[in-house]
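Worksheet: the structure to be examined is printed underneath.
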Amino acid sequence: MGYAPALMEEPVRIRGLLLLCLFASVASGQGIAQSAPGSAAPAVVGTWEGESKCTVPSSPCHDEHVVYQIASASGDQGTLKLDAYKVVNGEQEFMGTLSCQYAKRLLSCSGRTDHQDLWEFAVTATTMQGTLRIGTEKQLYRKIQVQKKPSA
């Protein structure tokens, strides 16, 4: 299957943009989310809230206000789970759970669906910026930016 040159360049541009945002965040003094020495869970664990924007206008996708709750997956050390909610009329509606891995400030998740979805987030102490790519060609489907909510 042939690809248009512009489509092949898109992943490179998105990765470059994510890295630029990550470096800008570090330079602004926000710092990088890391686990405290001896802690069992990475600093990415917690509640995150923000916006998920569609990138494919002709799709059934809609821009959404989202809440992500990230926790250690029970019984699987090193794996995290991300429970995703969209907010509609002020109420959280459960969308699903993603299985995630966190390493070197990158959170990679999958819903393990037929869509072959890949969710990737660059993580700082207070911000996650990421994308959802779907299909075997990993078409960019969503751009996501969420902020970590303070622990209660």
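What the table shows:
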{"read-out": "Residue-by-residue Karplus 3J(HN,Hα) for the stretch 77-93, coefficients 6.51, -1.76, 1.60, Hz, glycine and proline x", "value": "4, x, 9, 10, 10, 10, 8, 9, 10, 9, 9, 10, 6, x, 10, 7, 10"}
{"read-out": "Cut-off under 5 Å, modelled amide H: who pairs with Ala73 long-range", "value": "Thr79, Leu80, Lys81"}
{"read-out": "For the stretch 57-68, 3J(HN,Hα) per residue [Karplus equation, 6.51 cos²θ - 1.76 cosθ + 1.60, θ = phi - 60°, Hz, x = Gly/Pro]", "value": "x, 8, 8, x, 5, 10, 4, 9, 8, 10, 10, 10"}
{"read-out": "Amide H within-cut-off set for Lys149, under 5 Å, with H built and near neighbours excluded", "value": "Thr47, Trp48, Glu49"}
{"read-out": "Rounded, prolate or oblate (a/c below 1.5 giving rounded, otherwise prolate when a/b exceeds b/c) for the stretch 86-132 by Cα gyration tensor", "value": "oblate"}
{"read-out": "Integer Hz, Karplus 6.51/-1.76/1.60 couplings in order for the stretch 121-131, x for Gly and Pro", "value": "10, 8, 10, 10, 4, 10, 9, 10, 10, x, 9"}
{"read-out": "Amide hydrogen neighbours beyond the local backbone of Gln116, cut-off 5 Å, H modeled", "value": "Gly135"}
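Readers should treat all values here as calculations from the given coordinates under stated rules, not as data from a laboratory. A quick note: this is a predicted structure, and the numbers were derived from the prediction, not measured.
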